[in-house]
Amino acid sequence: MTHPTRYLVRICVFLLVIIAVVFALRDILIHAFMVNPGLNGVIIAILLLGIAWNLHLTLRLIPEVRWVTILQQPREGLRVPEPPLLLAPMARLLRARREENPKLTLSTHTTRAMLESLEARMDEGRDISRYITQLLVFLGLLGTFYGLILTVRSVADVISAMPSGGADLAGMFDHIKMGLTKPLMGMSTAFSASMFGLAGSLILGFLDLTSGQAQNRFANEIEEWLADLTFLDTPAENTPNATQKDPQTEDAIRAGNVAILRKLDELNATLRHLREPTRQPLAPLEEMLYQLDENNQATLHILQNLNNNIKQHHAEDPSMTHLVQEMGQKLTSLRSDIAHLFQRDHKTRSTQRRED
């Protein structure tokens, strides 16, 4: 793990340069500060708060790095200290995993959850630093507008209070000089607030950049360390053993396929052999059915004519009513028998077509 000391050194060197510049310009800065000590004091206080916060963001990485280093390189007799605040959720998960399996391994879901928790905690600190930087810019602009308001009001007062008429020129000039004091004070307020606000945001911007680099470096190294402990749940077909086939296994599979095809050919031949004896008795039966169909058609025609003749005789002789009814019943029964025989013949032919 990379120690954040070099980032701390960079921050300290930058702050020393800023202190040297402030010391060199102390007279001008003191005069600008005293123009509006209330607003400028608030800006300086927020600047110091932002510097302290960025130093805290960098300094808190030191115990985190020390804890991860001890966990990465365990030694006999060396007790792992209590986890720091930033890695507390990760420490609980790692401790639970280590109790289940002495050889620490993590799933992809667990690794992703720990990294997201770490990034969320670090983003909270950086969001506060960015807010302080933007607050300094806002206070600088607020002081600028406040100073401009004072300037415009003072100029209006000077113009309205100027003597008119036959006043002497020397008195008018003295009045203008006294009246311009307030507008100049307003402009000083605007410029001083803007200077302190923008300079403070510039200082905090560099500190936020440096502390962000330290945190990103720490997060990247944590991610690399967890990646070494993570196992991937790859499907079986993606493994090398699944893609490499044994030649003996391929020969055995090929031989089994040939045997299956041979058995299927034998089964088809057996089925064809069994259908042949069934077709031979059915051929004479089909001829008989065709002949019976022709005879039945002729018989039906004759019976129809006979029925018509009987009906004519029945109209002439009422005593033949019983004979006519009996002939009608016989004719109906014969028709149903013929229809049933045709249905059986149709089913037999359909079955033969499906078997073929």
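Only the coordinates and a few stated rules stand behind these numbers; no lab work does. Keep in mind that this is a model prediction, so the values were computed, not measured. Cβ sites come from the backbone with ideal geometry, for glycine too, and all protein chains shown count toward neighbours.
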Amide H proximity to LEU87 below 5 Å, modelled H, separation 5+ or other chain, gives none
Each label sits 7 Å from Cα toward the beta-carbon; between ARG262 and LYS177 the label points are separated, in nm, by 12.8 nm
Using eta = 1.567 mPa s and T = 4 °C, Stokes-Einstein with Kirkwood Rh from Cα pairs puts D for the stretch 5-233, in µm² s⁻¹, at 59 µm²/s
Phi angles of the stretch 178-192, converted by Karplus (6.51 cos²θ - 1.76 cosθ + 1.60, θ = phi - 60°) into ³J(HN,Hα) in whole Hz with x for Gly and Pro, give 5, x, 6, 5, 5, x, 5, 5, x, 5, 5, 4, 5, 5, 5
Of the stretch 52-67, those with amide N under 20 Å from the point 7 Å along the Cα→Cβ vector of ARG126 are 52-65
Whole-Hz Karplus couplings 3J(HN,Hα) for the stretch 16-32, θ = phi - 60° and coefficients 6.51, -1.76, 1.60, Gly and Pro as x, run 5, 5, 5, 5, 5, 5, 5, 5, 5, 10, 4, 5, 5, 5, 5, 5, 5
Counting only residues 5 or more apart in sequence or on a different chain, those whose built amide H sits under 5 Å from that of THR230 are LEU106
